[in-house]
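Since the structure comes first, as C-alpha coordinates, the remarks are kept for the end.
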Amino acid sequence: MHNILYLALAVASGVAIFLSFPTFDLFPLAWFGLVPILWVAERVSPRRAFWFGWLTGTVTNLGGFYWITSMLEEFGHLHSALAWPIGVVLFAYQGLVYGLWAGLGRFIRVRLDISPVWVYPLVFVALEWSMPFIFPWYLANGQYRFTAFIQVADLIGVTGISWLLLLMNTGAYRVVDWSLTGAKGFPRRALFVPALLWLAVILYGVVRIDQIDQQRQAAPKLKVGLVEANIGIWEKEARGMSPSQKVATMYENLLKHQRMSAQLEADGAELIVWPESSFIPLGAPYVKVNDRYFMAAGRGMEVLSREATEPWSREKVHDVRSGLPGNGKGFYLRGIWGRRDDELLLVGDGGAVLRFDGTSFRRLTLGIDENLSAVSGSRRTDPVIVGRSGGVYRLRGTELVVQRAPKGRGLNGVALLEADVFLAVGDAGRALRISDGSVVTE
(Lines give C-alpha, C1' and ligand atoms only; values in the text may rest on other atoms or scores of the structure.)
Protein backbone atom coordinates (compact mmCIF):
# COMPACT_ATOMS: atom_id res chain seq x y z
CA MET A 1 0.00 0.00 0.00
CA HIS A 2 2.84 2.34 0.90
CA ASN A 3 4.53 1.71 -2.44
CA ILE A 4 1.41 2.74 -4.38
CA LEU A 5 1.13 5.90 -2.28
CA TYR A 6 4.83 6.69 -2.77
CA LEU A 7 4.55 6.17 -6.54
CA ALA A 8 1.55 8.48 -6.67
CA LEU A 9 3.37 11.16 -4.66
CA ALA A 10 6.48 10.90 -6.88
CA VAL A 11 4.35 11.31 -10.01
CA ALA A 12 2.46 14.20 -8.39
CA SER A 13 5.72 16.08 -7.83
CA GLY A 14 6.78 15.46 -11.42
CA VAL A 15 3.46 16.77 -12.73
CA ALA A 16 3.56 19.83 -10.45
CA ILE A 17 7.01 20.83 -11.69
CA PHE A 18 6.28 20.59 -15.41
CA LEU A 19 2.98 22.44 -14.87
CA SER A 20 5.02 25.34 -13.46
CA PHE A 21 6.69 25.72 -16.87
CA PRO A 22 5.34 26.97 -20.22
CA THR A 23 2.84 26.55 -21.65
CA PHE A 24 0.93 25.89 -18.40
CA ASP A 25 2.83 28.61 -16.49
CA LEU A 26 1.48 27.67 -13.05
CA PHE A 27 4.76 28.92 -11.59
CA PRO A 28 3.67 28.95 -7.89
CA LEU A 29 3.58 25.14 -8.05
CA ALA A 30 7.39 25.15 -8.07
CA TRP A 31 7.38 26.67 -4.55
CA PHE A 32 5.87 23.55 -3.01
CA GLY A 33 5.63 20.99 -5.85
CA LEU A 34 8.53 18.93 -4.50
CA VAL A 35 6.94 18.44 -1.08
CA PRO A 36 5.40 15.05 -2.07
CA ILE A 37 8.71 13.55 -3.22
CA LEU A 38 10.45 14.99 -0.14
CA TRP A 39 7.84 13.22 1.99
CA VAL A 40 8.64 9.96 0.19
CA ALA A 41 12.43 10.39 0.33
CA GLU A 42 12.39 11.00 4.07
CA ARG A 43 10.55 7.71 4.67
CA VAL A 44 12.54 5.24 2.57
CA SER A 45 16.15 4.14 2.16
CA PRO A 46 18.57 6.24 0.06
CA ARG A 47 18.40 3.62 -2.71
CA ARG A 48 14.60 3.69 -2.86
CA ALA A 49 14.65 7.49 -2.59
CA PHE A 50 16.77 7.50 -5.75
CA TRP A 51 14.25 5.41 -7.69
CA PHE A 52 11.27 7.46 -6.60
CA GLY A 53 13.15 10.69 -7.31
CA TRP A 54 14.12 9.40 -10.75
CA LEU A 55 10.44 8.75 -11.46
CA THR A 56 9.68 12.35 -10.48
CA GLY A 57 12.40 13.66 -12.79
CA THR A 58 11.35 11.45 -15.71
CA VAL A 59 7.72 12.57 -15.42
CA THR A 60 8.87 16.20 -15.23
CA ASN A 61 10.96 15.88 -18.39
CA LEU A 62 8.23 13.95 -20.19
CA GLY A 63 5.76 16.75 -19.50
CA GLY A 64 8.24 19.46 -20.42
CA PHE A 65 9.90 17.87 -23.45
CA TYR A 66 7.07 15.82 -24.98
CA TRP A 67 7.57 17.84 -28.18
CA ILE A 68 10.99 16.24 -28.72
CA THR A 69 9.41 13.21 -30.38
CA SER A 70 7.44 15.25 -32.91
CA MET A 71 10.57 17.34 -33.57
CA LEU A 72 12.53 14.16 -34.34
CA GLU A 73 9.76 13.06 -36.70
CA GLU A 74 9.36 16.45 -38.39
CA PHE A 75 12.95 17.67 -38.65
CA GLY A 76 14.87 14.43 -38.20
CA HIS A 77 12.57 12.45 -40.49
CA LEU A 78 12.47 9.60 -37.97
CA HIS A 79 9.58 7.17 -37.70
CA SER A 80 7.57 7.45 -34.48
CA ALA A 81 8.67 3.91 -33.58
CA LEU A 82 12.21 5.26 -33.32
CA ALA A 83 11.46 8.85 -32.21
CA TRP A 84 9.60 7.81 -29.06
CA PRO A 85 12.29 5.44 -27.68
CA ILE A 86 14.87 8.18 -28.23
CA GLY A 87 12.58 10.62 -26.43
CA VAL A 88 12.11 8.25 -23.49
CA VAL A 89 15.88 7.84 -23.15
CA LEU A 90 16.21 11.63 -23.05
CA PHE A 91 13.42 12.00 -20.45
CA ALA A 92 14.98 9.34 -18.24
CA TYR A 93 18.52 10.69 -18.56
CA GLN A 94 17.59 14.26 -17.68
CA GLY A 95 15.39 12.94 -14.87
CA LEU A 96 18.49 11.51 -13.19
CA VAL A 97 19.07 14.87 -11.49
CA TYR A 98 15.98 14.32 -9.34
CA GLY A 99 16.86 10.71 -8.63
CA LEU A 100 20.39 11.54 -7.56
CA TRP A 101 19.09 14.50 -5.56
CA ALA A 102 16.58 12.43 -3.59
CA GLY A 103 18.97 9.51 -3.07
CA LEU A 104 22.03 11.56 -2.13
CA GLY A 105 20.01 13.95 0.02
CA ARG A 106 18.51 11.03 1.92
CA PHE A 107 21.94 9.39 2.26
CA ILE A 108 23.37 12.54 3.88
CA ARG A 109 20.34 12.83 6.15
CA VAL A 110 20.80 9.23 7.32
CA ARG A 111 24.52 9.73 8.02
CA LEU A 112 24.40 13.24 9.47
CA ASP A 113 21.94 14.93 11.73
CA ILE A 114 21.36 17.98 9.51
CA SER A 115 18.02 19.61 8.81
CA PRO A 116 16.54 18.78 5.39
CA VAL A 117 16.12 22.54 4.88
CA TRP A 118 19.88 22.79 4.37
CA VAL A 119 20.69 19.40 2.83
CA TYR A 120 18.25 19.06 -0.07
CA PRO A 121 18.62 22.58 -1.57
CA LEU A 122 22.43 22.35 -1.66
CA VAL A 123 22.45 18.85 -3.15
CA PHE A 124 19.92 19.87 -5.79
CA VAL A 125 21.74 22.95 -7.10
CA ALA A 126 25.06 21.08 -7.10
CA LEU A 127 23.55 18.40 -9.35
CA GLU A 128 21.59 20.87 -11.47
CA TRP A 129 24.77 22.85 -12.13
CA SER A 130 27.07 19.89 -12.82
CA MET A 131 24.90 17.43 -14.80
CA PRO A 132 25.42 17.75 -18.60
CA PHE A 133 22.09 18.11 -20.40
CA ILE A 134 21.25 17.83 -24.09
CA PHE A 135 18.56 20.47 -23.53
CA PRO A 136 19.75 22.42 -20.46
CA TRP A 137 17.06 23.69 -18.10
CA TYR A 138 16.81 24.77 -14.48
CA LEU A 139 14.02 24.59 -11.94
CA ALA A 140 14.17 28.39 -11.78
CA ASN A 141 13.32 28.72 -15.49
CA GLY A 142 9.61 28.29 -14.77
CA GLN A 143 9.61 31.53 -12.74
CA TYR A 144 10.14 33.70 -15.82
CA ARG A 145 6.70 35.30 -15.40
CA PHE A 146 7.40 36.19 -11.75
CA THR A 147 9.64 39.08 -12.75
CA ALA A 148 10.09 40.54 -9.26
CA PHE A 149 11.38 37.18 -8.01
CA ILE A 150 13.90 36.49 -10.76
CA GLN A 151 15.67 39.85 -10.71
CA VAL A 152 18.03 38.52 -8.05
CA ALA A 153 19.55 36.28 -10.74
CA ASP A 154 21.97 39.11 -11.51
CA LEU A 155 23.46 38.46 -8.06
CA ILE A 156 23.09 34.71 -7.47
CA GLY A 157 22.45 33.32 -10.96
CA VAL A 158 19.77 30.90 -12.07
CA THR A 159 21.04 28.14 -9.75
CA GLY A 160 20.71 30.55 -6.84
CA ILE A 161 17.02 30.95 -7.64
CA SER A 162 16.69 27.16 -7.86
CA TRP A 163 18.24 27.01 -4.37
CA LEU A 164 15.63 29.48 -3.08
CA LEU A 165 12.85 27.36 -4.57
CA LEU A 166 14.23 24.21 -2.90
CA LEU A 167 14.51 26.12 0.38
CA MET A 168 10.82 27.04 0.12
CA ASN A 169 9.92 23.42 -0.73
CA THR A 170 11.83 21.96 2.19
CA GLY A 171 10.39 24.59 4.55
CA ALA A 172 6.89 23.70 3.34
CA TYR A 173 7.70 20.00 3.77
CA ARG A 174 8.72 20.57 7.40
CA VAL A 175 5.39 22.28 8.10
CA VAL A 176 3.41 19.49 6.37
CA ASP A 177 5.42 16.84 8.23
CA TRP A 178 4.75 18.58 11.54
CA SER A 179 1.03 18.88 10.89
CA LEU A 180 0.56 15.26 9.75
CA THR A 181 2.79 13.48 12.27
CA GLY A 182 1.79 15.51 15.32
CA ALA A 183 5.44 16.20 16.18
CA LYS A 184 6.09 18.60 19.02
CA GLY A 185 7.35 22.08 18.31
CA PHE A 186 6.32 24.06 15.27
CA PRO A 187 9.31 24.28 12.81
CA ARG A 188 9.58 28.05 13.06
CA ARG A 189 13.07 28.41 11.64
CA ALA A 190 12.31 26.09 8.71
CA LEU A 191 9.46 28.42 7.76
CA PHE A 192 10.88 31.75 8.92
CA VAL A 193 14.17 31.64 6.97
CA PRO A 194 12.61 30.85 3.54
CA ALA A 195 9.83 33.41 4.13
CA LEU A 196 12.33 36.12 5.11
CA LEU A 197 14.53 35.42 2.08
CA TRP A 198 11.48 35.37 -0.21
CA LEU A 199 10.39 38.81 0.99
CA ALA A 200 13.94 40.18 0.65
CA VAL A 201 14.20 38.86 -2.91
CA ILE A 202 10.83 40.39 -3.86
CA LEU A 203 11.85 43.75 -2.42
CA TYR A 204 15.13 43.66 -4.35
CA GLY A 205 13.25 42.72 -7.53
CA VAL A 206 10.79 45.62 -7.24
CA VAL A 207 13.62 48.12 -6.77
CA ARG A 208 15.69 46.58 -9.58
CA ILE A 209 12.80 46.60 -12.06
CA ASP A 210 12.24 50.30 -11.39
CA GLN A 211 15.95 50.99 -12.01
CA ILE A 212 15.95 49.07 -15.30
CA ASP A 213 12.71 50.76 -16.44
CA GLN A 214 14.32 54.16 -15.93
CA GLN A 215 17.43 53.11 -17.86
CA ARG A 216 15.30 51.68 -20.67
CA GLN A 217 13.27 54.86 -21.00
CA ALA A 218 16.47 56.91 -21.30
CA ALA A 219 18.17 54.52 -23.76
CA PRO A 220 18.12 55.03 -27.57
CA LYS A 221 15.53 52.87 -29.33
CA LEU A 222 16.03 50.35 -32.12
CA LYS A 223 13.23 48.57 -33.98
CA VAL A 224 14.15 44.88 -34.40
CA GLY A 225 12.66 42.41 -36.86
CA LEU A 226 12.88 38.62 -36.42
CA VAL A 227 12.83 36.24 -39.41
CA GLU A 228 11.59 32.67 -39.02
CA ALA A 229 10.99 30.84 -42.31
CA ASN A 230 10.15 27.47 -40.66
CA ILE A 231 12.60 25.44 -42.74
CA GLY A 232 13.48 21.92 -41.53
CA ILE A 233 17.08 21.05 -40.74
CA TRP A 234 17.54 18.67 -43.69
CA GLU A 235 15.91 21.14 -46.08
CA LYS A 236 18.07 23.89 -44.62
CA GLU A 237 21.23 21.92 -45.31
CA ALA A 238 19.89 20.39 -48.55
CA ARG A 239 21.29 17.09 -47.32
CA GLY A 240 21.34 14.11 -49.67
CA MET A 241 20.54 16.15 -52.77
CA SER A 242 22.37 16.36 -56.08
CA PRO A 243 24.55 19.44 -56.60
CA SER A 244 21.97 21.21 -58.75
CA GLN A 245 19.13 20.37 -56.33
CA LYS A 246 21.29 21.47 -53.41
CA VAL A 247 22.00 24.89 -54.85
CA ALA A 248 18.39 25.36 -55.98
CA THR A 249 17.05 24.40 -52.54
CA MET A 250 19.51 26.61 -50.68
CA TYR A 251 18.77 29.48 -53.03
CA GLU A 252 15.03 29.07 -52.45
CA ASN A 253 15.60 29.04 -48.68
CA LEU A 254 17.74 32.15 -48.96
CA LEU A 255 15.03 33.91 -50.97
CA LYS A 256 12.44 33.10 -48.29
CA HIS A 257 14.56 34.84 -45.67
CA GLN A 258 15.29 37.75 -47.97
CA ARG A 259 11.60 38.31 -48.82
CA MET A 260 10.63 38.24 -45.16
CA SER A 261 13.51 40.60 -44.38
CA ALA A 262 12.33 42.99 -47.10
CA GLN A 263 8.86 43.06 -45.57
CA LEU A 264 10.30 43.72 -42.12
CA GLU A 265 12.43 46.52 -43.52
CA ALA A 266 9.34 48.00 -45.17
CA ASP A 267 7.64 47.84 -41.77
CA GLY A 268 10.44 49.92 -40.28
CA ALA A 269 12.85 47.33 -38.84
CA GLU A 270 16.33 48.77 -38.26
CA LEU A 271 17.94 45.48 -37.20
CA ILE A 272 16.88 42.18 -38.77
CA VAL A 273 17.82 38.92 -37.04
CA TRP A 274 17.87 35.57 -38.88
CA PRO A 275 17.74 32.12 -37.24
CA GLU A 276 20.96 30.31 -36.51
CA SER A 277 22.34 28.42 -39.53
CA SER A 278 19.76 30.04 -41.80
CA PHE A 279 22.35 30.35 -44.57
CA ILE A 280 24.71 27.37 -44.87
CA PRO A 281 27.08 27.43 -47.90
CA LEU A 282 27.95 23.68 -47.54
CA GLY A 283 30.61 23.22 -50.18
CA ALA A 284 30.37 26.95 -50.75
CA PRO A 285 28.12 27.86 -53.67
CA TYR A 286 28.85 31.52 -54.39
CA VAL A 287 25.91 33.25 -55.99
CA LYS A 288 25.10 35.86 -58.63
CA VAL A 289 21.41 36.53 -59.18
CA ASN A 290 18.85 38.94 -60.58
CA ASP A 291 15.20 38.55 -61.48
CA ARG A 292 15.97 36.69 -64.72
CA TYR A 293 19.15 34.75 -64.15
CA PHE A 294 20.97 32.78 -61.45
CA MET A 295 24.52 31.47 -61.24
CA ALA A 296 26.38 29.64 -58.47
CA ALA A 297 30.00 28.50 -58.37
CA GLY A 298 31.81 26.31 -55.91
CA ARG A 299 34.05 23.35 -55.29
CA GLY A 300 35.96 21.71 -58.13
CA MET A 301 35.60 24.85 -60.28
CA GLU A 302 32.02 23.84 -61.09
CA VAL A 303 29.45 26.38 -62.19
CA LEU A 304 25.67 26.01 -62.04
CA SER A 305 23.47 28.44 -63.93
CA ARG A 306 19.83 28.78 -64.78
CA GLU A 307 17.58 31.02 -66.80
CA ALA A 308 14.24 31.87 -65.19
CA THR A 309 12.33 29.42 -67.41
CA GLU A 310 15.09 26.95 -68.25
CA PRO A 311 16.46 23.84 -66.47
CA TRP A 312 19.70 23.91 -64.52
CA SER A 313 22.98 23.87 -66.44
CA ARG A 314 26.09 22.38 -64.86
CA GLU A 315 29.59 22.97 -66.18
CA LYS A 316 32.91 21.80 -64.81
CA VAL A 317 34.91 24.40 -66.76
CA HIS A 318 37.70 21.94 -67.62
CA ASP A 319 39.85 24.55 -69.34
CA VAL A 320 39.98 26.45 -66.03
CA ARG A 321 40.91 23.43 -63.94
CA SER A 322 43.68 22.23 -66.22
CA GLY A 323 47.10 23.22 -64.98
CA LEU A 324 45.97 23.49 -61.35
CA PRO A 325 47.27 21.01 -58.76
CA GLY A 326 45.16 17.86 -58.82
CA ASN A 327 43.35 19.21 -61.88
CA GLY A 328 41.54 21.70 -59.66
CA LYS A 329 39.80 19.15 -57.45
CA GLY A 330 39.00 20.79 -54.12
CA PHE A 331 39.63 24.23 -55.63
CA TYR A 332 36.87 26.81 -55.39
CA LEU A 333 35.45 29.59 -57.46
CA ARG A 334 34.65 32.07 -54.68
CA GLY A 335 33.48 35.33 -56.18
CA ILE A 336 30.95 36.35 -58.84
CA TRP A 337 30.15 39.80 -60.18
CA GLY A 338 28.68 41.10 -63.39
CA ARG A 339 27.68 44.28 -65.20
CA ARG A 340 25.06 42.38 -67.16
CA ASP A 341 23.86 38.81 -67.57
CA ASP A 342 26.18 38.43 -70.55
CA GLU A 343 29.23 39.99 -68.87
CA LEU A 344 30.16 38.22 -65.67
CA LEU A 345 33.45 37.64 -63.85
CA LEU A 346 34.21 34.67 -61.62
CA VAL A 347 37.34 34.46 -59.44
CA GLY A 348 38.76 31.68 -57.33
CA ASP A 349 41.69 29.55 -56.21
CA GLY A 350 44.93 29.39 -58.12
CA GLY A 351 44.49 32.90 -59.51
CA ALA A 352 41.52 31.81 -61.61
CA VAL A 353 39.68 34.69 -63.31
CA LEU A 354 36.88 33.69 -65.72
CA ARG A 355 34.86 35.87 -68.04
CA PHE A 356 31.36 34.69 -68.98
CA ASP A 357 29.77 36.21 -72.09
CA GLY A 358 26.34 34.66 -71.68
CA THR A 359 27.18 31.47 -73.60
CA SER A 360 30.64 30.28 -72.55
CA PHE A 361 33.43 30.71 -70.01
CA ARG A 362 36.94 31.90 -70.87
CA ARG A 363 39.84 31.95 -68.47
CA LEU A 364 41.92 35.13 -68.54
CA THR A 365 45.68 34.64 -68.51
CA LEU A 366 46.82 37.21 -65.95
CA GLY A 367 49.97 35.69 -64.44
CA ILE A 368 48.88 35.43 -60.79
CA ASP A 369 48.57 32.35 -58.59
CA GLU A 370 47.11 33.85 -55.40
CA ASN A 371 43.83 32.33 -54.24
CA LEU A 372 41.24 34.98 -55.08
CA SER A 373 38.25 35.44 -52.79
CA ALA A 374 35.97 38.22 -54.07
CA VAL A 375 35.27 40.62 -56.92
CA SER A 376 33.09 43.72 -57.16
CA GLY A 377 32.47 46.67 -59.44
CA SER A 378 29.74 48.72 -61.10
CA ARG A 379 28.52 49.59 -64.58
CA ARG A 380 30.91 52.54 -64.71
CA THR A 381 33.97 51.30 -62.81
CA ASP A 382 36.56 48.63 -63.47
CA PRO A 383 36.13 45.69 -61.11
CA VAL A 384 38.37 45.19 -58.08
CA ILE A 385 39.55 41.69 -57.10
CA VAL A 386 40.96 40.75 -53.67
CA GLY A 387 42.83 37.65 -52.57
CA ARG A 388 43.48 35.39 -49.62
CA SER A 389 47.08 36.65 -49.33
CA GLY A 390 45.98 40.29 -49.16
CA GLY A 391 46.43 41.16 -52.83
CA VAL A 392 44.29 43.89 -54.42
CA TYR A 393 43.89 44.00 -58.22
CA ARG A 394 42.07 46.20 -60.73
CA LEU A 395 40.94 44.53 -63.97
CA ARG A 396 40.98 46.86 -66.96
CA GLY A 397 39.79 44.92 -69.99
CA THR A 398 42.11 41.91 -70.05
CA GLU A 399 44.92 43.64 -68.14
CA LEU A 400 45.32 43.16 -64.41
CA VAL A 401 46.76 46.10 -62.46
CA VAL A 402 48.25 45.28 -59.06
CA GLN A 403 47.08 47.91 -56.58
CA ARG A 404 48.49 46.07 -53.58
CA ALA A 405 50.90 43.15 -53.64
CA PRO A 406 49.75 39.91 -52.00
CA LYS A 407 51.18 40.20 -48.50
CA GLY A 408 49.92 40.08 -44.93
CA ARG A 409 46.47 39.08 -43.74
CA GLY A 410 43.94 37.76 -46.20
CA LEU A 411 40.99 39.64 -47.68
CA ASN A 412 37.62 37.92 -47.84
CA GLY A 413 35.22 40.44 -49.37
CA VAL A 414 35.03 43.66 -51.35
CA ALA A 415 32.16 46.05 -52.07
CA LEU A 416 31.71 49.33 -53.92
CA LEU A 417 31.06 52.23 -51.55
CA GLU A 418 30.68 55.20 -53.89
CA ALA A 419 31.83 56.28 -57.35
CA ASP A 420 35.25 54.58 -57.66
CA VAL A 421 35.83 53.86 -53.96
CA PHE A 422 35.76 50.29 -52.63
CA LEU A 423 35.94 48.73 -49.16
CA ALA A 424 37.70 45.40 -48.68
CA VAL A 425 37.51 43.43 -45.42
CA GLY A 426 39.48 40.46 -44.20
CA ASP A 427 41.12 38.51 -41.42
CA ALA A 428 41.66 39.94 -37.92
CA GLY A 429 39.37 42.89 -38.59
CA ARG A 430 41.36 44.16 -41.55
CA ALA A 431 39.66 46.88 -43.63
CA LEU A 432 41.09 48.61 -46.71
CA ARG A 433 39.76 51.66 -48.54
CA ILE A 434 40.50 51.22 -52.24
CA SER A 435 40.42 54.05 -54.77
CA ASP A 436 41.47 54.28 -58.43
CA GLY A 437 45.05 55.23 -57.72
CA SER A 438 45.83 54.00 -54.24
CA VAL A 439 44.94 51.69 -51.42
CA VAL A 440 44.68 53.18 -47.93
CA THR A 441 44.46 51.13 -44.75
CA GLU A 442 41.83 52.49 -42.38
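The values are calculated or read from the model by the stated rules, or taken from the named source; none is laboratory data. Quick caveat, the model's predicted, so the values are computed rather than measured. Side chains are part of the model used for accessible areas, which takes the heavy atoms of the whole protein and leaves out ligands, DNA and RNA. Shrake-Rupley method; radii C 1.70, N 1.55, O 1.52, S 1.80 Å.
Evaluated over the chain, the count of Lys pairs having alpha-carbon atoms less than 23 Å apart is 12 (only pairs 8 or more residues apart or interchain). Taking each DSSP H run with n ≥ 4 as -39500 (n - 2.57) and averaging over every residue of the chain yields -14500 deg cm²/dmol at 222 nm. Rolling a 1.4 angstrom probe over the chain with all protein chains present gives an accessible area of which 60% lies on carbon and sulfur atoms. For region 94-144, a Kirkwood radius taken over Cα pairs fed into Stokes-Einstein (20 °C, viscosity 1.002 mPa s) yields D = 183 µm²/s. Here the contact order of the chain, divided by its residue count and restricted to Cα pairs under 8 Å and six or more residues apart, works out to 7 percent.
The Cα atoms of region 326-440 give a gyration tensor whose axes a ≥ b ≥ c have a/c of 1.5 or more with a/b no greater than b/c, which makes the shape oblate. Would you work out if the chain is rounded, prolate or oblate? Take a ≥ b ≥ c from the square roots of the eigenvalues of the alpha-carbon gyration tensor; rounded if a/c is under 1.5, else prolate when a/b is larger than b/c, oblate otherwise. Judged from the Cα gyration tensor, the chain comes out prolate (a/c at least 1.5, a/b above b/c).
Of the residues GLU343, GLU418, ranked by 1.4 Å probe accessible area with the largest first, the sequence reads GLU418, GLU343. Once you reduce region 138-195 and region 16-92 to the center of their Cα atoms, the two points are 21 Å from each other. Shape verdict for region 115-157, please, from the Cα gyration tensor: rounded (a/c under 1.5), prolate (a/b greater than b/c) or oblate. Because a/c hits 1.5 or more and a/b fails to exceed b/c, region 115-157 counts as oblate. For the chain, DSSP calls about 95 percent of its internal beta bridges antiparallel.
Per residue, the accessible area of the chain comes to 52 Å² when a 1.4 Å probe rolls over the protein heavy atoms.
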